[in-house]
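Engineer: Please see the structure below; I have some questions.
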Amino acid sequence: MKTNKIVIGCDHAGFELKGKVIEHLKARGFDIQDVGTDSTASCDYPLFAKALCKKLQDGEAELGILICGTGIGMSMAANKCKGIRACACSDTFSARLTRNHNDANVLCIGARVVGEGLAYDLVDAFLDAEFEGGKHQRRIDLITAIENE
Ligand code: RB5
């Protein structure tokens, strides 16, 4: 990772866990930009997925974290955004490998799926891993070709 800037967003279901993850990441020295939501009031997760992805598309950060109830809706919405490769993960192996092999730029977490301890391990595994390039870059290029069809 070239910068320590991370964008984070959530819906109402992810709001409480987001606060804890932000504190965890700040303690690790990351510079966090939060695109909301800002309370547990019911809201629509695609709006926050789009806001976060726009920050990545504009080059304001390289990596983002989205938290909703399951992580699934956020990942579906984020993956509709050009240049975004989002993965909903609830195990650390996948969180690491999706950086190593898929060059994922957004990690999605389900606040109703994982506890805070596992959420910290997931973000650490994701943010500490690097894309391996090589044959994996060829496959990312093929994903991008599908996106451009
Ligand atoms: C909200 O109730 C819930 O549907 C949302 O947080 C998320 O889990 C969607 O995938």
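The values are calculated or read from the model by the stated rules, or taken from the named source; none is laboratory data. Quick caveat, the model's predicted, so the values are computed rather than measured. So basically every Cβ, Gly included, is an ideal-geometry build from the backbone, and we count neighbours across all protein chains shown. Keep in mind that these areas ignore ligands, DNA and RNA; they rest on the heavy atoms of the full protein, side chains included. Shrake-Rupley method; radii C 1.70, N 1.55, O 1.52, S 1.80 Å.
Engineer: Within segment 62-79, find all residues whose amide N lies under 17 Å from a label point positioned 7 Å from the Cα of residue 51 along Cα-to-beta-carbon.
Structural biologist: Flagged as within label range: 64-69, 74-75, 77-78.
Engineer: What pairs from 20/82; 82/135; 26/80; 5/82; 20/54; 20/135 go past 27 Å between their alpha carbons?
Structural biologist: Violating the 27 Å limit, Cα to Cα: 20/82; 26/80; 20/135.
Engineer: Per residue, how much accessible area does segment 103-149 show when a 1.4 Å probe rolls over the protein heavy atoms, in square angstrom?
Structural biologist: Result: 54 Å² of accessible area for each residue.
Engineer: Quick check: at a probe of 1.4 Å, how many percent of the accessible area of the chain sits on carbon and sulfur atoms?
Structural biologist: 51 percent
Engineer: Still on this structure, please answer the following. How far is it, in nm, from the label point at residue 93 to the one at residue 38 when both lie 7 Å from their Cα along the line to the Cβ?
Structural biologist: Taking the simple label geometry, residue 93 and residue 38 are separated by 4.2 nm.
Engineer: Compute the accessible area per residue over segment 1-102, keeping the other protein chains in place, probe 1.4 Å, unit Å².
Structural biologist: 48 Å²
Engineer: When a/c is below 1.5 the answer is rounded, else prolate if a/b is larger than b/c, else oblate, so apply that to segment 4-131 with a ≥ b ≥ c taken from the square roots of the Cα gyration tensor eigenvalues.
Structural biologist: Note, shape of segment 4-131 comes out rounded.
Engineer: Scan the chain and note any complete DSSP helix (H) whose C-alpha atoms cover at least 15 Å along its axis and whose Kyte-Doolittle average is -1.0 or more.
Structural biologist: Correct list, ordered by number: 15-27, 45-57, 116-128, 135-148.
Engineer: For segment 13-92 and segment 98-117, compute the distance between their C-alpha centroids and round to whole Å.
Structural biologist: So the separation of the two Cα centres works out to 10 Å.
Engineer: What number, in percent, do you get for the relative contact order of segment 1-139 if the mean sequence gap of Cα pairs under 8 Å and at least 6 apart is divided by its residue count?
Structural biologist: Normalised by residue count, the contact order of segment 1-139 is 25 percent.
Engineer: What net charge is computed for the residues neighbouring residue 73, neighbours being all others with C-beta under 10 Å from the C-beta of residue 73, Lys and Arg scored +1, Asp and Glu -1?
Structural biologist: -2
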